[in-house]
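Note sheet for the following structure.
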Amino acid sequence: MNIIGYNELSIQGVVTIKCKKTFDARGYFTEVFRHSDFKSEALPEEIREFNLCQINESFSFKNTFRGLHYQLNPPQAKCVRCIEGHLIDLALDLRPKSKTYGKILAYEIISKIEEEFFEWLWVPAGIAHGTLLLEDSRLEYLCSAEWNSDSSEEISIFSDDIDWALCDNETQIRIQSIIKSNDLKISQKDKSAQVFRSRNK
């Protein structure tokens, strides 16, 4: 696993990890996860403590929204990778003591076969995660805990009290135009999820 570096985004603990592919005449090869590399002192402490318990894969059609999902017991951190496609990853801070509590960030990922690098997006426990697919896309999720249906919850992307201040205006307009369009593909569970303020009552 050839980790080039990492970058912490505007919500503390949400991190991108950049990795290199190796190409030759046959195509490319890459290690997508190596336990010892995730223990590197170069990475943040929470990532070094990551314990891989479950791996998920999803394929979604263009204009699909999945999320905003989180798990209470056991808390679940995720490493998310776009194998191929184009999406906007969304992370909503649900940690009451955090400086960015109630704020959401958007991180755009474009992943093509011929690109030299790929990225993991580390989403720590306490963050609700969602994906908005801008084209047909395939994703992989490494999870720090097994999914617990009794403890898995959702925040509605339509909540009017989510703070979008960390997102630039252009990105906000793109997101809102898709989630409010008739073309949006969303599960009934995500569509009818609790609004952000309801969670705090």
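The values are calculated or read from the model by the stated rules, or taken from the named source; none is laboratory data. Computed from a prediction, not measured in an experiment: that's the story for all the values here. Virtual Cβ from ideal backbone geometry, glycine too; neighbours counted across all protein chains shown. Accessible surface areas use protein heavy atoms only, side chains included; no ligands, DNA or RNA. Shrake-Rupley method; radii C 1.70, N 1.55, O 1.52, S 1.80 Å.
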* Hey, how many Å between the Cα centroid of region 97-136 and the Cα centroid of region 4-50? -> 14 Å
* Asked: Over region 115-201, what percent of the accessible surface lies on carbon and sulfur atoms, probe 1.4 Å?
  -> 43 percent
* Using Cα positions and a limit of under 17 Å, work out the aspartates and glutamates in reach of Lys99, with same-chain residues fewer than 8 apart set aside. => Glu8, Asp161, Asp163
* Could you work out the Rg to Rh ratio of the chain, with Rh taken as the Kirkwood radius (inverse of the mean 1/r over all Cα pairs)? => 0.95
* Asked: Hey, which lysines would be in cross-link range of Lys20, C-alpha to C-alpha under 24 Å, not counting anything within fewer than 8 residues on its own chain?
  -> Lys39, Lys78, Lys112
* Structure fact -> Filtered hits (lysines, Cα-Cα < 17 Å from Lys180, offset >= 8 within chain) -> Lys62, Lys189, Lys191
* Fully extended, how many nm does the chain gain between Lys20 and Met1 (0.36 nm per residue separation, minus their Cα-Cα distance)? -> 6.1 nm
* Relative to the present Cα-Cα distance, how much length would full extension add between Leu184 and Asp161 at 0.36 nm per residue of separation? -> 6.2 nm
* **Å² of accessible area per residue within the chain, as computed with a 1.4 Å probe and no ligands counted** => 52 Å²
* How far is it, in nm, from the label point at Glu31 to the one at Glu8 when both lie 7 Å from their Cα along the line to the Cβ? -> 2.6 nm
* Asked: So, with +1 on the Cβ of K and R and -1 on the Cβ of D and E, and no other charges, what is the size of the charge dipole of the chain about its Cα centre, to the nearest 20 debye?
  -> 400 debye
* Structure fact -> Share of accessible surface on carbon and sulfur in region 1-89, whole %, 1.4 Å probe and ligands ignored, is 49 percent
* To do: Report, to the nearest 10°, how far helix 169-179 tilts away from the longest principal axis of the Cα atoms in the chain, using its own Cα long axis and a range of 0 to 90°.
  => 70 degrees
